[in-house]
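Written below as structure tokens is the structure these notes are about.
Just so you know, all these numbers are worked out from the coordinates, no wet-lab data involved. The structure displayed is predicted, hence computed values, not measured ones. Here the Cβ positions follow ideal geometry from the backbone for every residue, glycine too, while neighbour counts run over all protein chains shown.
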Amino acid sequence: MATKLRREIEPRWVAEYVLANYPEDPVKYRVPLGAIPTDVEERLGPEKARRSFRPWRPEVDALVLQKARLILVEGKIFKYMDGLSKLPIYKSLIPSTPELQAYKALPVDMELLLVRPVSWVTEAAEKAGVRIVLWAPPWIIPIWEERDKYWAPDAVAAREQRKEVLKKLGYT
């Protein structure tokens with residue numbers, strides 16, 4: 001499955017989860033986190049600096065804004081390590097995020113969405129203070145199952161055959 005297509009699936013999946021589990025709470029999606037460099041702010045002003053510097057700031061999939069806490073939500077269909085490792089960093093960036101100054105004193109919970117449990121992720125998440133949430137609407141199951149096809153004997157044989165053809169053509 002193409003990376004771009006996968007990137008469009010995860011936002012839909014996260015949005016459905018948030019809507020189903022936090023229907024009354026305000027939510028922001030693809031929230032940029034972290035400070036804007038002082039020199040950029042001085043040169044452009046705060047608002048323009050936020051817009052200009054956005055491509056270089058990390059962003060969390062969703063941020064649920066509750067009265068007593070914030071909830072960072074990161075969904076990963078395949079690259080579990082990415083989500084697991086990013087969440088504590090995202091949490092650490094909230095106090096320096098200009099757009100979130102009104103919330104910086106609130107406690108922050110971290111949730112990592114997975115389609116199915118993965119033992120090493122569950123173990124590491126517990127130690128990192130990340131809550132694993134299993135969310136598997138029926139439409140996502142075939143997408144998740146696609147990941148196993150890479151290692152299926154037919155797929156391995158097809159890759160080896162392509163490598164041999166490329167080798168014979170002089171590509172190594």
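Which one of ASP61, ASP82, ASP39 has the biggest mean-square fluctuation once the chain is modelled by GNM with Cα springs under 10 Å?
Looking only at ASP61, ASP82, ASP39, the biggest GNM fluctuation is shown by ASP39.
Tell me the Kirkwood radius of the range 82-172: reciprocal of the mean inverse pair distance over distinct alpha-carbon atoms, in Å.
Evaluated over the range 82-172, this radius sits at 16.9 Å.
Tally the DSSP beta bridges in the chain and give the antiparallel ones as a percent, rounded to 5.
Given both bridge residues lie in the chain, the antiparallel proportion sits at roughly 45 percent.
Rounded if a/c is under 1.5, else prolate if a/b is larger than b/c, else oblate: which is the range 69-113, with a ≥ b ≥ c the root eigenvalues of its Cα gyration tensor?
Because a/c hits 1.5 or more and a/b exceeds b/c, the range 69-113 counts as prolate.
What residues qualify as long-range amide H neighbours of LEU113, i.e. H under 5 Å apart, gap of 5 or more or another chain, H built at 1.01 Å from N?
Placed amide hydrogens put GLU74, GLY75, LYS76, VAL133 under 5 Å from LEU113.
If you bin every alpha carbon distance in the chain into 10 Å steps from zero, what whole percent lands in each bin?
Each 10 Å bin holds this share of Cα pairs: 9, 30, 29, 17, 10, 4, 0.
Could I have the simple spin-label model distance between LYS48 and GLU123, label points 7 Å from Cα toward Cβ, reported in nm to one decimal?
5.3
Using the Cα centre as the reference, give the magnitude of the dipole from point charges on the C-beta atoms of the chain (Lys, Arg: +1; Asp, Glu: -1; all else neutral), rounded to the nearest 20 debye.
520
Which lysines have a Cα less than 27 Å from the Cα of LYS163, not counting those fewer than 8 places away in the same chain?
LYS4, LYS79, LYS149
Shape call for the range 123-165 from the C-alpha gyration tensor, a ≥ b ≥ c root eigenvalues: rounded (a/c under 1.5), prolate (a/b greater than b/c) or oblate?
oblate
If each DSSP helix of 4+ residues adds -39,500 (n - 2.57) and the sum is divided by the residues in the chain, what number results at 222 nm, nearest 500 deg cm²/dmol?
Value at 222 nm, helices only, nearest 500: -14000 deg cm²/dmol.
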